[in-house]
Amino acid sequence: MPGGLEHTQKETARKLDYLLENGKFPYCSLFHGPSYTGRMYAAMEVAKRLGSTAEGTLVLSSRNFSTRIR
């Protein structure tokens, strides 16, 4: 996974890469964990790799209760 996730969350990055490379990524995913562990970054990178960066992609952030539509 590009960026910094493979340095801070090696096992998570490896699992996400496997799912994406083998076409096994689930239809719906929830990224959870402690603050500042790369949840939003991982969600956005997965969306990019799945080709879901077109308008209409929805990403929710609980940090500030914002909604991002790309």
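Just so it is clear, none of the values below were taken in a lab; they were calculated from the coordinates. Since the structure is predicted, the reported quantities are computational estimates derived from the model, not experimental observations. When we count neighbours, we look across all protein chains shown, and the Cβ atoms used for this are built from the backbone with ideal geometry, even at glycine.
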ask   = Got a sec to turn the phi values of region 28-38 into Karplus ³J(HN,Hα) couplings, 6.51 cos²θ - 1.76 cosθ + 1.60 with θ = phi - 60°, whole Hz, x for Gly and Pro?
value = 9, 9, 10, 9, 9, x, x, 4, 6, 10, x
query = On full extension of the chain, what length is gained from LEU50 through LYS10, given 0.36 nm per residue of separation minus the C-alpha to C-alpha distance?
reply = 12.4 nm
request  = Can you tell me which of 33-39, 13-19, 43-49, 23-29 comes out highest on packing, and rank the rest after it, using the mean Cβ neighbours within 10 Å?
outcome  = 43-49, 13-19, 33-39, 23-29
